[in-house]
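Step one of this worksheet: look at the structure below.
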Amino acid sequence: MPTPRQPDLDRYAALLDEVRAIKGVSLGRDAWRRLRRNRVAMVSLGFLAVLGTLALLTPLLPLQPPRYVNMARQFAPPEFSQPEKPGITLGEGPDARRASLEEGFGRLDPVSNVLLAIRVAVFGEWSIPSICGTDQLGRDALSRLFWGARISLAVGLVATLVSLVIGVAYGAIAGYLGGQTDNLMMRIVDVLYSIPFIFVVIFLITILSAEATRQTLHLELPAGFEQDLEQETVSPRLGEAFAENGYPLAEGATLASETPGERWRLSQKEGRSYVVELADGRLRVVTETTGRLLGASRIVVFFFVIGAIYWLTMARVVRGQVISLKNEQFIEAARTIGAGRRRIIFLHLVPNLLSVVIVYLTLTIPRVMLFEAFLSFLGLGVEAPDVSWGLLANEGIKAITPVRIFWWLVVFPGLALGLTLWALNFLGDGLRDALDPRMKNR
Amino acid sequence: MTRFLLRRLGWMAITLWVVFTVSFFLMKAVPGGPLDRERALDPQIEENLKARYHLDEPLVQQYVRELGNVLRGDLGVSFRLADFRVNEIIAQGFPISASLGIVALGFALVLGLSAGIVSAVRRGSAADVGLMAAATVGIALPNFVIAGIMIILLVFLWPLFPAAGWGTPWHLILPAFCLGAPYAAYIARLTRTGMLDVLSQDYIRTAYAKGLPGRTVILRHALKGAMLPVVSFLGPAIAGILTGSLVVEQIFAIPGLGMHFVEAATQKDYTLAMGLVLLYTTLLYTMNLLVDVSYAFLDPRVKLE
């Protein structure tokens, strides 16, 4: 074959360069570009990213210990000076230090412990002053906000993921199989949809924290035991009194105040938890079995139960999408090659559902967080000494009295909840507009 | 229409039955029962009590008996509130919760619609931006936070309303507002979007061209078209008001069904809790049914299947 002439070669070379310069735009990048132009959504995204990082790194931040009770600083308004007793004592040796940290921060998982160690090494005893004030037990509100963020966000994320997995699987299968199976599956969804799940969940949680036995015994205790009740770990004196009355306590039992001055919950890692009440100067112990279902604590049951409510909408949406995708050519092609049903559903259909799923994720997370706050507010959610934003709001509202207005206990948790939910909603709206396939290339 | 109604009622019966069965077996599956007291009972007394409440019969027999009772409208006896039947407690609490809910819904509709209309008509102005910002705040904040802030502002800082309790119309206003606020915000947004769509239609332009005063155009012609999304939102709004009432009644100490439900839940009063769950399910289903039916009346293009 004769070589092409030089002008032709130049023309081909120019064409090749031009083609190389054009970059194809994938769906994802197209959507990201559209999202970037939506300023509110970007601000929300930034806010959420910062919040998420801070929540993850909370043990690293120089915050006051969230569980350190200091009755002298009860209900302190927001202040900018260092507290006199910082709550972390590092002086007297490794054991005392560990005890002080455990008292202030509770028992943490290994990663958090490492972060905490780094924080102590870097900042020592210095912590950010109480710029959000203190609560009824003198605990710093700012640090409780951050530690509560961890739980609130974790519940939001995990429960939403649970609902995602269930909903996508259910909807994809129903949509793909079609016919009578689809009909039946959707009928089940309809029935479940009309049940006011919130009430059933509350009912469920009630049942799951059932008390097997309720026995009250009155303990005779030596004078001065009231101070022991203010500590977070059970003092030897208290432990002895319990053991003498026939209730030996395991190592490391903790006390958490439920109603200040009146009621405490004594929890052990294994076995029974007790509720201790102070009445007429004497101590009453009410025994309860811990509310555990299949060995899982209330929070884990929480995740699954909440996730089980919100999968219905996801299933419906996914089913709609699958039905419209089912007859596309690429599915037919896969079937022709011999792909089985499971492969088609999970390998081909599900990745194409991602855009819908992401939008619903970002719109469901705020609803889940709101629901968790709602339950914690009613006392049916996260239990003390864990903190969540709903619990903080609850304490804030309970503390409102006509004599003094402790506005910081209501405003700051409210702000935190409001801003986060707001950001999630706006991000969800922005994502929905960005991922809308009708807006491609606009 | 009759076939549609009958079919819906049939599904309601099935739903209620599912709820009842699941709750019943869950209750029985958990250790401990409603007869546990703080002091252990004498075994003979416990046996007698069990026989009286039929708790010693085999499970299936108990189930059939309970089902029969519920079908006859007898929801049993409350275990924690002595001497009260569940039906009596419901009869006491229902009017209170109902009036609270209706006023809250009224607030939501009136505030939401007017805010939405004003926003749409004066689009882009300060009023529009301000109202929509307020609406966003209402949606983002949970209703107990709004309640807390309202209490601080309107009860203690400027004492306009009583803090808690029930009895006079003054007691009604603040709780109803806190209950309805998030829905007012949502309705405002929906109305605004709907109105903006409708106002750009040709028939509105014709109405203005005919010389009709602005108010007539908006209220008589435009609003009807914009109402549809609001009406279909009413279903979830009522559901939300029912659940929100749990929290609001707690905060304002209103002796309605919501407070009873929370107390039943925390006090492990199973019969009362289950009775209330059944009641709420029925209420919700009926409301949704009414909303769907009214949809067909509002938009002649909609056919009920």
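Nothing in this text is a laboratory measurement; each read-out follows from the coordinates by a stated rule. Everything numeric here is computed off the predicted structure, so don't read it as measured data. Every residue, glycine as well, gets a Cβ built from its backbone with ideal geometry; the counts of neighbours run over all protein chains shown.
Mind running the shape call on chain B? Use the C-alpha gyration tensor, a ≥ b ≥ c as the square roots of the eigenvalues: rounded below 1.5 for a/c, prolate if a/b tops b/c, oblate otherwise. Cα axes put chain B in the oblate bin. A Gaussian network model of chain B, with springs between Cα atoms under 10 Å, assigns the largest mean-square fluctuation among B:Arg192, B:Arg123, B:Arg215 to B:Arg215. According to the Cα-based calculation, Rg over Rh for region A:118-194 is 1.38, with Rh computed by the Kirkwood formula. For the residues B:Leu219, B:Leu276, B:Leu75, a GNM of chain B with alpha-carbon springs under 10 Å puts the largest fluctuation on B:Leu219.
Between A:Val120 and B:Leu55, the modelled labels are 4.9 nm apart [label points 7 Å from Cα along Cα→Cβ]. Taken one residue at a time, the phi angles of region B:229-238 give Karplus couplings (6.51, -1.76, 1.60, θ = phi - 60°) of x, 5, 4, 6, 7, 4, x, x, 5, 5 Hz. Gly and Pro are set to x. Starting from the Cα gyration tensor of region A:1-91, take the square roots of the eigenvalues, sort them a ≥ b ≥ c, and report rounded, prolate or oblate (rounded when a/c is under 1.5, otherwise prolate if a/b is larger than b/c, else oblate). Cα axes put region A:1-91 in the prolate bin. For the protein assembly as shown, the alpha carbon positions stretch 105, 72, 65 Å along the principal axes, listed from largest to smallest. Calculated [222 nm] ellipticity per residue, helices only, for the protein assembly as shown: -21500 deg cm²/dmol; basis is -39500 (n - 2.57) per DSSP H run with n ≥ 4, divided by all residues, nearest 500.
Applied to region A:385-393, the Karplus parametrisation 6.51 cos²θ - 1.76 cosθ + 1.60 on θ = phi - 60° returns per-residue 3J(HN,Hα) values of x, 5, 10, 9, 5, x, 4, 5, 4 Hz, with x for Gly and Pro.
Defining a contact as two alpha carbons under 8 Å apart and six or more residues distant in sequence, what relative contact order in percent does chain B show? With pairs under 8 Å counted, the relative contact order is 24 percent. Set the Cα radius of gyration of region A:22-157 against 2.2 N^0.38 Å, with N its number of residues, and you get 1.37. Can you work out the FRET efficiency for the pair A:Val300 and B:Lys28, with r the C-beta to C-beta distance and R0 = 25 Å, to the nearest 0.05? The computed FRET efficiency comes out at 0.60. Just report the Cα centroid separation between region B:209-228 and region A:305-321, whole Å. After rounding, the separation between the Cα centres reads 39 Å. Largest GNM mean-square fluctuation across B:Asp202, B:Asp269, B:Asp42, computed for chain B with C-alpha springs under 10 Å, falls on B:Asp42.
If you plug the beta carbon distance of A:Tyr12 and A:Arg33 into 1/(1 + (r/R0)^6) with R0 = 45 Å, you get a FRET efficiency near 0.90. For the protein assembly as shown, a crude dipole built from +1 on the beta carbon of Lys and Arg and -1 on the beta carbon of Asp and Glu, taken about the Cα centre, is about 3680 debye to the nearest 20. Think of each Lys and Arg Cβ as +1 and each Asp and Glu Cβ as -1; about the Cα centre, that makes the dipole of chain B roughly 1440 debye. Only Cα pairs under 8 Å and 6+ residues apart enter the sum, and on that basis the relative contact order of region A:58-123 stands at 49 percent.
Label separation (B:Ser200 vs B:Ile14): 4.2 nm, computed from points 7 Å beyond Cα along the C-beta direction. For B:Val77, the residues 5 or more places off, or on other chains, whose built amide H falls under 5 Å of its own are B:Val86.
Over all pairs of different C-alpha atoms, region A:302-404 has a mean inverse distance whose reciprocal, the Kirkwood radius, equals 17.0 Å. Total lysine pairs in the protein assembly as shown at Cα distances under 20 Å, for residues eight or more apart or on different chains: 6. Toward the positive end of the charge dipole of region B:195-305, with +1 on the Cβ of Lys and Arg and -1 on the Cβ of Asp and Glu, the farthest Cα among B:Phe233, B:Leu284, B:Ala222 is that of B:Ala222.
Measuring between their Cα centroids, region A:37-66 and region B:170-192 lie 31 Å from each other. Its relative contact order, with pairs defined as Cα atoms under 8 Å and 6+ residues apart, puts region A:69-183 at 35 percent. Largest first, the three principal axis extents of the alpha carbons in region A:58-123 are 34, 24, 20 Å in whole numbers. Please list, in chain and number order, the residues 5+ apart from A:Thr233 or on another chain whose amide H is under 5 Å from its amide H, with Hs placed from the backbone. Amide H neighbours of A:Thr233, under 5 Å, 5+ apart: A:Leu255. Placing a label point 7 Å from the Cα of B:Val110 along the Cα-to-Cβ line, the residues of region B:175-208 whose backbone N sits under 20 Å from it are B:175-192.
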